[in-house]
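> Would you mind keeping the following structure in view while I ask a few things?
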Amino acid sequence: MTVELQVAQGWLTVCELSSLIPGRGVAALLPDGSQAAVFVDRAGRPYAIGNQDPFTGAQVLSRGLVGTAGGRPFVASPLLKQRFDLESGRCLDDEGTAVRTYPVRTAVTS
């Protein structure tokens, strides 16, 4: 089973779902040169957000710590520790800041 992100060109295969470790992210280079941070939770549900920390400009969100707050999955930036909701991209610590989210799906490989 593969993890795919929806980008302007269609669905992009990122990796095998089995390659992702719950609680840890991976960075994926996208066709437009931007990066996505891809995560999977303990239930096997994948998430994808922009990898760039909007507070520092560094491409590091894939290295952040994953957790939950109020039942919502988030990743905390490894630099300044702001938390980003993995479903909406909204910063939980600064209402006016968000990162991009990507539609993500799993697909059966043949």
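> Within segment 7-25, is even one residue over 19 Å from Ala107 (Cβ atoms), of a type in the set (Lys, Arg) and open to solvent by 40 Å² or more (accessible area, probe 1.4 Å)?
Filtering segment 7-25 for residues over 19 Å from Ala107 (Cβ atoms) gives 21-25.
If we keep only those that are of a type in the set (Lys, Arg) as well, we get 24.
Add one more test, that the residue is open to solvent by 40 Å² or more (accessible area, probe 1.4 Å), and what stays is 24.
Yes, segment 7-25 contains at least one residue that is over 19 Å from Ala107 (Cβ atoms), of a type in the set (Lys, Arg) and open to solvent by 40 Å² or more (accessible area, probe 1.4 Å).
> Taking segment 82-110, which residues are assigned to a strand (DSSP E or B) and in contact with a Lys or Arg (Cβ under 6 Å, 6 or more places away or on another chain)? Step through it out loud before you land on a result.
Taking segment 82-110 first, the residues assigned to a strand (DSSP E or B) are 83-85, 90-91, 98, 101, 104-107.
Within segment 82-110, Asp85, Ala98 qualify.
> Does at least one position in segment 44-63 carry a residue that is assigned to a loop (DSSP other than H, G, I, E, B), of a type in the set (Gly, Ala, Ser), buried (at least 16 other Cβ atoms within 10 Å of the Cβ) and within 12 Å of the chain's Cα centre (by Cα)?
Of the residues in segment 44-63, the ones assigned to a loop (DSSP other than H, G, I, E, B) are 44-45, 51, 53-58, 60.
Going one step further and asking which of them are of a type in the set (Gly, Ala, Ser), we end up with 44, 57-58.
Now restrict to residues that are buried (at least 16 other Cβ atoms within 10 Å of the Cβ): none.
No, the conditions are met nowhere in segment 44-63.
> Are any residues in segment 1-22 outside any strand (DSSP E or B) and either more than 21 Å from Arg42 (Cβ to Cβ) or among the basic types (Lys, Arg) (or both), and if so, which ones? Full working, then the answer.
Start the filter on segment 1-22 by keeping residues that are outside any strand (DSSP E or B), which leaves 1, 8-9, 17-22.
Listed by number, the residues that qualify are Ala8, Gln9.
> If you take the residues of segment 89-109 that are over 14 Å from Phe39 (Cα atoms) and of a type in the set (Ser, Thr, Tyr), which of them is least open to solvent (accessible area, probe 1.4 Å)?
Per the stated criteria, the residue is Thr97.
The values are calculated or read from the model by the stated rules, or taken from the named source; none is laboratory data. Since we're looking at a predicted model, the values are computed, not measured. With ideal geometry, Cβ positions are generated from the backbone for all residues, glycine too; neighbour counts draw on all protein chains shown. Just the protein is used for accessible areas: all its heavy atoms, side chains included, with ligands, DNA and RNA removed. Shrake-Rupley method; radii C 1.70, N 1.55, O 1.52, S 1.80 Å.
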